[in-house]
1. Could you check region 129-149 and list, in sequence order, the residues that are closer than 13 Å to LEU119 by Cα and of a type outside the set (Lys, Arg)?
2. Scan LYS126, LYS122, LYS17 and give me the residue that is in a loop (DSSP other than H, G, I, E, B), of a type outside the set (A, V, I, L, M) and within 16 Å of VAL145 (Cβ to Cβ).
3. Check region 95-114 and report whether any residue there is touching a residue at least 24 places away in the same chain (Cβ under 8 Å), assigned to a helix (DSSP H, G or I) and surrounded by 11 or more Cβ atoms within 10 Å (Cβ to Cβ).
4. When you look at LEU119, is it at pLDDT below 95 and either small (Gly, Ala, Ser) or surrounded by 14 or more Cβ atoms within 10 Å (Cβ to Cβ) (or both), yes or no?
5. Return the residue satisfying two criteria in turn: it lies in region 57-91 and is of a type in the set (Gly, Ala, Ser) and assigned to a loop (DSSP other than H, G, I, E, B), and of such residues it is nearest to LYS112 (Cα to Cα).
6. Please count how many residues of region 129-149 are outside any helix (DSSP H, G or I) and under 20 Å from MET96 (Cα atoms).
Amino acid sequence: MKLHELRPAKGATHKTKRIGRGDGSGHGGTSTKGTKGGQSRAGYKRKMAHEGGQMPIQRRLPKRGFKNISRIEYKVFNLGQFDQLAEKYGIQDFSMENLYANGLISRTDKVKVLGNGELKGKFSFKVNAVSEKAKAAIEAAGGTVEVIK
């Protein structure tokens, strides 16, 4: 074997595909892009959710429901939870600051107290909203309620 007889193994090298260099290259004419249409042209970009002319899924499916932009989302606590929370965290004053400091709400949450369950202790509340039943139960137990905006 001589130096000028050295060759790569069969199948190790590939001929580079030279597109658009005439018919003799095998990739001339339409440059392997088929004929006509947007995909054969420069600058073509496929649109999102385009299904090739089929009616897109967001148009096939009906619109459902309603999103009320005026809705106020509350983080809800029931009266039955407050005895456990007072015991666990040692809180008697349930204000927004105390609830946030103990990781029960996030900074932007609004809190509403509902009247499900029984309240055994005497607690004070400073919250965004309270139901009538809950307010009556808190005051009957000797606690105070202040609604903040």
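1. Within region 129-149, the first condition is being closer than 13 Å to LEU119 by Cα, and the residues that meet it are 133-144.
Selection gives ALA134, ALA136, ALA137, ILE138, GLU139, ALA140, ALA141, GLY142, GLY143, THR144.
2. Details: LYS126 fails: in a loop (DSSP other than H, G, I, E, B); LYS17 fails: within 16 Å of VAL145 (Cβ to Cβ).
Unique residue meeting the criteria: LYS122.
3. Yes, because at least one residue in region 95-114 is touching a residue at least 24 places away in the same chain (Cβ under 8 Å), assigned to a helix (DSSP H, G or I) and surrounded by 11 or more Cβ atoms within 10 Å (Cβ to Cβ).
4. Details: at pLDDT below 95: yes; either small (Gly, Ala, Ser) or surrounded by 14 or more Cβ atoms within 10 Å (Cβ to Cβ) (or both): yes.
Criteria met by LEU119.
5. Residue satisfying both the conditions and the ranking: SER70.
6. Applying the first criterion (outside any helix (DSSP H, G or I)) to region 129-149 yields 129-131, 141-149.
Among the residues that remain, those that are also under 20 Å from MET96 (Cα atoms) are: 129-131, 143-149.
Qualifying residue count for the region: 10.
The values are calculated or read from the model by the stated rules, or taken from the named source; none is laboratory data. Nothing here was measured: the structure is a model prediction, and the numbers come from that model. FYI the Cβ positions are ideal-geometry reconstructions off the backbone, even for glycines, and counts take in every protein chain you see.
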